[in-house]
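This report refers to the structure that appears directly beneath it.
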């Protein structure tokens, strides 16, 4: 029989295919750190991670990018590019947050502007750093690779033009980079296949009967609509919520209170991890809810979702007591100012989530 040409062989090798011959799903991960969410997507055989982008939130964008670079090195995936994103929110600032707290009360979590916990907690004391402090102290080693020479917003715009209608953006930090990308190119959101984001809050409540879980659930007792990712950059969240995405999946804080990075789960993950990756698993923050992991899991396997709603979503950008709160409406009740309809995840199956996390490390 006739052998295929050398050029054709190279083309076949280059195609991102699964074991069954189907083309892998393309994704860009936008986040304010490196977590098991990244690992689950990077090690999934049917996912093609085109790049990681960093944004300030829990960490400054520079430190988040360093974590992403080092995580990729430990996974042997330094072929995946990392683009550093926005250092500051569109409007919000540390000074504005100080003023807001003086008027309306203390926030449970302030991210990079956090100096201390307001009340006793099981969580370790936060470390306050500047936005341009050098990153030389990662507990699992510092990266030797570097970010690419374009911003996160520029990278995402370039990618959706290269693969129109094929890329899902999974965002698990503040939405600043996505808002900037939409401003750079009004076609950005529509050229993506869809958006999955962890952010916002509807009505979370404590599910686990554990003192550590109460540390996080207490945040929503008096402020059920306040969640950090949206509160850190409400203007970006509002703009992204009004952008013309083909599909939006919102993962609010609600399902996270039924999950926990328990010592037992960390032990399972550490046992499943490759030897060089065990130090990274060992330092995972114990007792924290699995916010980001839920977002990646429901995209990888939508059957994990046990309850969901179809709602129109926006964020409150008025500087007052509700600044950064989540706004939502059922069909027919939305103001009609550009709000987009989202599939909102209300609850998931935690045990299946844990199993998916362990399986990703066993691959």
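The values are calculated or read from the model by the stated rules, or taken from the named source; none is laboratory data. Just so we're clear, the structure is a prediction, and the values are computed from it rather than from any experiment. Positions of Cβ are generated from backbone atoms using ideal geometry, with glycine treated the same way; all protein chains shown enter the neighbour counts.
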Tell me which of these residue 262 doesn't satisfy, since it passes every other one: (1) more than 20 Å from residue 200 (Cα to Cα); (2) over 21 Å from the mean Cα position of the chain (by Cα). (2)
Here the residues within segment 136-152 that are over 30 Å from residue 185 (Cβ atoms) and surrounded by 13 or more Cβ atoms within 10 Å (Cβ to Cβ) are 138, 140, 142
Inside segment 269-363, counting only helices (runs of 4 or more DSSP H) that do not spill past its ends, which hold 2 or more residues that are under 27 Å from residue 97 (Cα atoms)? 291-300
Kindly provide the set of residues from segment 154-163 that are out of contact with any strand residue (DSSP E or B) (no Cβ under 8 Å at 6 or more places or on another chain) and touching a residue at least 24 places away in the same chain (Cβ under 8 Å), ordered by number. 157, 161
Selection from segment 30-64 of residues that are closer than 16 Å to residue 150 by Cα and touching a helix residue (DSSP H, G or I) at 6+ places or on another chain (Cβ under 9 Å): 30, 50, 51, 52, 53, 54, 55, 61
Can you confirm whether segment 169-183 contains a residue that is surrounded by fewer than 21 Cβ atoms within 10 Å (Cβ to Cβ) and out of contact with any strand residue (DSSP E or B) (no Cβ under 6 Å at 6 or more places or on another chain)? yes
Which one of these does residue 128 not meet: (1) part of a helix (DSSP H, G or I); (2) farther than 30 Å from residue 25 by Cα? (1)
Selection from segment 221-241 of residues that are under 20 Å from the mean Cα position of the chain (by Cα) and either within 24 Å of residue 302 (Cα to Cα) or modelled with pLDDT under 95 (or both): 227, 229, 230, 237, 240, 241
Could we say that residue 199 is in contact (Cβ under 8 Å) with a residue 12 or more places away in the chain, touching a helix residue (DSSP H, G or I) at 6+ places or on another chain (Cβ under 8 Å) and closer than 24 Å to residue 328 by Cβ here? yes
Residue 105 fails exactly one of the following numbered conditions: (1) in contact (Cβ under 8 Å) with a residue 24 or more places away in the chain; (2) farther than 20 Å from residue 64 by Cβ; (3) surrounded by fewer than 18 Cβ atoms within 10 Å (Cβ to Cβ); (4) more than 23 Å from the chain's Cα centre (by Cα). What is the number of that condition? (1)
Criterion (at pLDDT 95 or above and surrounded by fewer than 18 Cβ atoms within 10 Å (Cβ to Cβ)) met by exactly one of 110, 63, 115, 70: 115
